[in-house]
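What follows is a single structure, written as structure tokens, with notes after it.
The values are calculated or read from the model by the stated rules, or taken from the named source; none is laboratory data. Here the structure is a predicted model, which means the values were calculated and not measured. Please note: Cβ atoms are built from the backbone with ideal geometry, for glycine as well, and neighbour counts cover all protein chains shown.
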Amino acid sequence: MELAFSTKAGKELLDLILAGEVEPRTTEVADTELRYILCRRLGRKEAEERASKLRVSGYLPVDSISTLIQAASVYKCERAISLADCFSLAQARWLNCAALFSRKEKDLLKEMAKRPFDVEIKFLHE
């Protein structure tokens, strides 16, 4: 979201990517979420244009969800977090890396306080 909207956080993230400090990846679920949020805020044409530009830029490889479905479904079963966040965590586990979130969302923080996740979670502004 941050990259697509060119927010301050998005620009910081792009700098980290270009510096090689962050190796970004996302899932088809997050790509879908990006597209509908862009569409709601900017309209279909602009949403498709921005999402497509981001996809072909090479900055953000998109992994197929087929390898992540089992792990994501377990997260969703056990935790009160969004499906997109479940796929991000499953992807981080699959890649053996930290999951990076731009914001500390209430539902994710609540679940982290209950018990730790089995993957490291980082936030952009930490």
Where the second residue is in a helix (DSSP H, G or I) and modelled with pLDDT of 95 or more and the first is of a type in the set (Lys, Arg) and lies in region 79-106, which pairs have Cβ atoms under 8 Å and are six or more apart or on separate chains? Arg79/Cys86; Arg79/Glu111; Arg93/Ala71
Got a sec? Which helices (runs of 4 or more DSSP H) wholly within region 66-126 have at least 3 residues that are closer than 21 Å to Glu23 by Cα? 83-95
When region 37-59 is checked residue by residue, the ones that are of a type in the set (A, V, I, L, M) and more than 25 Å from Asp107 (Cα to Cα) are Leu42, Ala47, Ala51, Leu54, Val56
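Each row is one residue, and each column tells you yes or no for (1) within 30 Å of Lys114 (Cβ to Cβ); (2) at pLDDT 90 or above; (3) surrounded by 15 or more Cβ atoms within 10 Å (Cβ to Cβ); (4) not acidic (Asp, Glu).
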| position | (1), (2), (3), (4) |
| --- | --- |
| Ile37 | yes, yes, yes, yes |
| Arg41 | no, yes, no, yes |
| Ile69 | yes, yes, no, yes |
| Ile81 | yes, yes, yes, yes |
| Ser88 | yes, yes, yes, yes |
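Does any residue of region 101-111 turn out to be modelled with pLDDT under 90, polar (S, T, N, Q) and buried (at least 16 other Cβ atoms within 10 Å of the Cβ)? Steps first, answer last, please.
Within region 101-111, the first condition is being modelled with pLDDT under 90, and the residues that meet it are 102-103.
Those still in the list that are polar (S, T, N, Q) too: 102.
Imposing the further condition that a residue be buried (at least 16 other Cβ atoms within 10 Å of the Cβ) reduces the set to 102.
Yes: region 101-111 contains one or more residues that are modelled with pLDDT under 90, polar (S, T, N, Q) and buried (at least 16 other Cβ atoms within 10 Å of the Cβ).
On the given criteria, is Ala80 more than 15 Å from Pro24 (Cα to Cα), touching a Ser or Thr at 6+ places or on another chain (Cβ under 9 Å) and of a type in the set (A, V, I, L, M)?
Details: more than 15 Å from Pro24 (Cα to Cα): yes; touching a Ser or Thr at 6+ places or on another chain (Cβ under 9 Å): no; of a type in the set (A, V, I, L, M): yes.
In short, no.
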